[in-house]
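Peer 1: One structure, pasted below without further comment.
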């Protein structure tokens, strides 16, 4: 297990399958290669995790927030290039004062199937914890499918927790609104997709603008090429 001891962005070859955030460290992880499988936390540690997954594959991530007053924010975008993508993101709160906010966006094109399990698990006997889960599924066509199962497991009393799941299609009405203001259809679609991409990766922009711009550009290019 790799021990993260610096307040910095970890990406590429710096990522291992299992990582630990040391006491008091604030880390950022950008994971595009499906390397990470588990993260654990020291006391007062914090993590902002950004994941972009687009291949036909299975993704299984476990965030064990087991350090007192530790904090984890998860931002993931799923956009399968094959027929099916299967993803499980499990955030487990297991210490007093722990905090978790998980936001998952899926782009679903025609003929694709995204099978997603987002889980927030608040374990027994802990106090003053918060756990939130949000799933947004954006349909880019008429024949894509999603099986979304946002799950909130609460085994303690002193908690704040919520979960939500939204299904939305890029509708003709919304495109018409933008096109009526002079935008071509393709530009209007891209503008709408950019807003969702910014929801996931927007926090990278301030301190890691080059990475944010590169990721956004590649996502849009791949979607437009399909």
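Every read-out reported here was derived from the displayed coordinates using simple, explicitly stated rules and does not represent laboratory data. These numbers were taken from a predicted model, which means no experiment stands behind them. Quick reminder, even Gly has a Cβ in these numbers, built from the backbone with ideal geometry, and neighbours come from all protein chains shown.
Peer 1: Kindly state, to the nearest 0.05, the FRET efficiency for residue 221 paired with residue 128, given R0 = 35 Å and r defined as their beta-carbon distance.
Peer 2: Computed FRET efficiency for residue 221 and residue 128 comes out at 0.20.
Peer 1: Next up: Working from Cα positions, state the angle (0 to 90°, nearest 10) between the long axis of helix 185-201 and the longest principal axis of the chain.
Peer 2: 0
Peer 1: I would also like to ask the following. Can you tell me the length gained on complete extension of the stretch residue 110 to residue 198, counting 0.36 nm per residue apart and subtracting the Cα distance?
Peer 2: The residue 110-residue 198 span can extend by a further 29.4 nm.
Peer 1: Defining a contact as two alpha carbons under 8 Å apart and six or more residues distant in sequence, what relative contact order in percent does the range 2-169 show?
Peer 2: It rounds to 15 percent for the range 2-169.
Peer 1: If each residue of separation counts as 0.36 nm, what is the full-extension length gain between residue 88 and residue 206 once their alpha-carbon separation is subtracted?
Peer 2: Using 0.36 nm per residue and subtracting the Cα-Cα distance, I get 39.6 nm.
Peer 1: Where does the chain land at 222 nm, in deg cm²/dmol rounded to the nearest 500, when only DSSP H runs of n ≥ 4 count, each adding -39500 (n - 2.57), divided by all residues?
Peer 2: Helix-only estimate at 222 nm: -6000 deg cm²/dmol.
Peer 1: Scale the Cα Rg of the chain by the rule-of-thumb value 2.2 N^0.38 Å and send over the ratio, two decimals.
Peer 2: After normalising by residue count via 2.2 N^0.38 Å, the value is 1.04.
Peer 1: Just to confirm the number: angle between the C-alpha axis of helix 209-224 and the first principal axis of the chain, 0 to 90 degrees, nearest 10?
Peer 2: Between the helix axis and the principal axis of the chain, the angle is about 50 degrees.
Peer 1: If packing is taken as the average number of other Cβ atoms within 10 Å across a peptide's residues, how do 199-212, 114-127 rank, most packed first?
Peer 2: Result, highest mean Cβ count within 10 Å first: 114-127, 199-212.
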